[in-house]
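The values are calculated or read from the model by the stated rules, or taken from the named source; none is laboratory data. Since we're looking at a predicted model, the values are computed, not measured. Glycine also receives a Cβ, built like all others from the backbone with ideal geometry; neighbour counts cover every protein chain displayed.
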Amino acid sequence: MPADTANAYTDTDAGGRAQGRATVGTGTTADELIRFDRVTKRFGSNTVLDSLDFRVFPKKHVTLIGPSGSGKTTILRLLMTLLKPDEGTITVDGTPLSHEERNGKLVPAGEKHVREVRKNMGMVFQQFNLFPHMSVLRNITEAPVQVLGMSRDEAAERALELLDMVGLKDRSDTYPGRLSGGQQQRVAIARALAMRPKVLLLDEVTSALDPELVAGVLDLLRDIARTTDITMLCVTHEMSFARDISDCVMMFDEGKVIEFGHPEKMFGDPEQERTREFLSAVL
Amino acid sequence: MSEITPGLWEILLDGVWITLQLTFLSAALAAAVAFVTGLARLNRLRIVRFAAGVYFEVFRGTSALILMFWLFFVLPLGLGWQLEPMWAAVLALGLSYGAYGSEVVRGAVAAVPRGQHEAGVALNLPPGQRLWRIVLPQAWPEMIPPFNNLLIELLKGTALVSVMGVSDLAFGAALVRNATGQSAPVYTVILLVYFVIAFAMTRGMRVLERRARAGAGEGPPRRAALSPRRLFAPRRRAAAAAAASSGGERR
Amino acid sequence: MNWDWSAVDAFLPRLADGLLVTAQALALSALLAFGLGLVWAVAQRSGPALVRGPVAVFTEFIRNTPLLVQLFFLYYVLPEWGLTLSAMVTGVVGLGLHYSTYTAEVYRAGIEGVPRGQWEAATALSLSRGRTWGVVILPQAIRRVAPALGNYVIAMLKDTPMLFVVGVMEMLGEARQFSSETFLTVEAVTVVGIAFILLSCPASFLMRTLERRLAR
């Protein structure tokens, strides 16, 4: 793996102060795929993300680790527009997520704008969230047909390819309720990929699975990481998986990135005491 | 003292027809009102939720008979023209049972897991499609049993129109009573007719529910075989507490 | 619409009379519904098979047919059978009987909600059947379903206007009489309508609060 994938990066904010910003990949601002600027998210009096800054360049695989409640999942949910930030801006592929320009002014984003930006992202959930009233095939084809305007035949053809990839081609007419958790999660991954996202958000995708089903799902994700150009943001407690696929591991604590770097360094010789404590607790 | 003659039977038969029409038309209006109001009560805009909530509280708090009186006798004086009695009845029944139905819709839609909405967002489906293709197909089978209870209540409610002079089944009974001078036969007969209609509607809704559940990927429901004791009971039992509760089907 | 406030003034004393009658009718029929419903529920749970079947059929029949027609039945048919009741008694019996078939279901849900272990414990203590019901099962069941019963009282309140058809001078009956004397229909019917909303909205709010309390 290239050594420069995770590097400390210094830029200046509007006030001209230098600040350390977690950065994954290299390139100019124009190349950035995901950028968080001073993003703060609170639930009531609880600050889950505290003025968070980070950026990710295309094709990188980032794993977010940290104790529960440290805001990892919140980052994915903000990106997927399931939540709105209280402060700060999130930019995806150069376009702000929560605001749009209208008549030269920056205004809160309308549904149309949000949907345009959302096209870049796909998400796989902890609880799969397959649609129980649709067959496996329909789960995968519904959005490409309705959102991307694909023909039913084309969508079905692509869905079958994806099902083949996740090893469930023969289950296309089954309803999700008749599948095991591991199978459901593989369908959910195929469903997310069918939308051809640039970024795949993986939210603790194996946490709800029985232990013996975890390996199959992780192997599938390893394949996808290896063989596609897709950018991944991954919240997981599977540290060996994180080590395998990641270009960068970010350690979160109390709403901030307290340390980040290449997995070899993060798992081998972390600098922060908190990171060391956390890793010794989960490894 | 005399028998119910063929002519009198015909009056009753016409009454059945009017009762069925009333039930069907009011149910259609009530369903429309229930969906619009029920979904409005879940709207993200506070003002929409509030307006729908006021509608629900007012019409649920109203007595159907008094609403009917009002539409029959007060509204014409205000508007200056008389509503066709049949339509006034449909309006009164549809508006009040629609208010009850909105609670069914609201409860069933709110009970669809959050993750389903979120998956819809993650797949970038527009809000209307999320509702139409993901949420409603899952909520619909849950609505049918409480809707059945409301439909029976509505059928019973149609008898009120006889007080307003609409010639439904109950009104026909009064005519036959006057003609024959006997009350027991005719009132027994029409109670039985109402019961048979209610029974048929319940069976129909049961079929509808089975289809809806199969369509929602749940497979055929496991249900006890038909026995006299279970004509209505099994559904009612679960529904009794819920339908009676003002708060909602589930929370 | 010509709205005449003096008509409202004139009607209010009559409304008060009607309200009193409505309250009496409601209280009596609610008591009847609570009592009879309990009889139906217990009979269906532990009565002899010969009783259970007919009770089930009877309650299903009453619940699935219109209250209005049942009131006419009581009003016209009972006298033919030699039983003449006053308007109030006819109304109370009709309303109470009708709703007893609903409260029976509520009780039944409540009884089924009492854990099996409670029956077993009562047997283990060799409590008599009566004491098992009276001291162990029903107190737990009824507490659980109190809000549902309350909601049926509200439903009964909204059905009390039907009693005017058998001659009970409750609020709607008063309004009808008042408007036939004065032709001030608009004011009388509207005032009665508002009175019902003012009575039932706070009542259902109260029940919802009670429900939330008990759910905790």
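Of the residues C:Val92, C:Val55, C:Val69, which is more than 26 Å from C:Gly167 (Cα to Cα), in a helix (DSSP H, G or I), at pLDDT 90 or above and among the β-branched types (Val, Ile, Thr)? Exactly one of C:Val92, C:Val55, C:Val69 is more than 26 Å from C:Gly167 (Cα to Cα), in a helix (DSSP H, G or I), at pLDDT 90 or above and among the β-branched types (Val, Ile, Thr), namely C:Val55. Confirm whether B:Ala88 is buried (at least 22 other Cβ atoms within 10 Å of the Cβ), in a helix (DSSP H, G or I), of a type outside the set (S, T, N, Q) and within 14 Å of chain A (Cβ to nearest Cβ). In short, no.
For (1) touching a Cys at 6+ places or on another chain (Cβ under 6 Å); (2) touching a residue at least 40 places away in the same chain (Cβ under 8 Å); (3) aliphatic (A, V, I, L, M); (4) not in a helix (DSSP H, G or I), each residue gets a yes or a no:
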site	(1), (2), (3), (4)
B:Gly94	no, yes, no, no
B:Ala99	no, yes, yes, no
B:Val109	no, yes, yes, no
B:Val112	no, no, yes, yes
B:His117	no, no, no, no
B:Gly120	no, no, no, no
B:Leu125	no, no, yes, yes
B:Gln129	no, no, no, no
B:Leu136	no, no, yes, no
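Check whether at least one residue in region B:23-41 is assigned to a helix (DSSP H, G or I) and more than 16 Å from the chain's Cα centre (by Cα), and report yes or no. Yes: region B:23-41 contains one or more residues that are assigned to a helix (DSSP H, G or I) and more than 16 Å from the chain's Cα centre (by Cα). Do we have C:Val153 as out of contact with any Phe, Trp or Tyr (no Cβ under 7 Å at 6 or more places or on another chain), of a type in the set (A, V, I, L, M), away from chain B (no Cβ under 13 Å) and assigned to a helix (DSSP H, G or I) here? It is false that C:Val153 is out of contact with any Phe, Trp or Tyr (no Cβ under 7 Å at 6 or more places or on another chain), of a type in the set (A, V, I, L, M), away from chain B (no Cβ under 13 Å) and assigned to a helix (DSSP H, G or I).
Identification of strands (runs of 3 or more DSSP E) wholly contained in region A:78-146 with 1 or more residues that are facing another protein chain (nearest Cβ under 8 Å) yields A:121-124. Being within 14 Å of chain C (Cβ to nearest Cβ), touching a Leu at 6+ places or on another chain (Cβ under 8 Å) and in contact (Cβ under 8 Å) with a residue 24 or more places away in the chain is the filter here; which residues of region B:138-171 pass it? Matches in region B:138-171: B:Leu154, B:Lys156, B:Gly157, B:Thr158, B:Ala159, B:Leu160, B:Val161, B:Val163, B:Val166, B:Asp168, B:Leu169, B:Ala170. Where strands (runs of 3 or more DSSP E) fall entirely within region A:199-281, those with at least 2 residues that are charged (D, E, K, R) and closer than 19 Å to A:Ser70 by Cα are at A:256-261.
Filtered by the rule that a residue be in contact with a Gly (Cβ under 7 Å, 6 or more places away or on another chain), assigned to a helix (DSSP H, G or I) and of a type outside the set (D, E, K, R), region C:160-185 gives C:Leu163, C:Phe164, C:Val166, C:Met171, C:Gly173.
None of C:Tyr107, C:Tyr99, C:Tyr76 is under 22 Å from C:Ala23 (Cβ atoms) and within 13 Å of chain B (Cβ to nearest Cβ) except C:Tyr99. The set of residues from region C:101-146 being at pLDDT below 90 and basic (Lys, Arg) comprises C:Arg116, C:Arg129, C:Arg131, C:Arg143, C:Arg144. Taken together, the residues in region C:53-79 that are out of contact with any Ser or Thr (no Cβ under 6 Å at 6 or more places or on another chain) and either among the basic types (Lys, Arg) or more than 25 Å from B:Leu154 (Cα to Cα) (or both) amount to 4.
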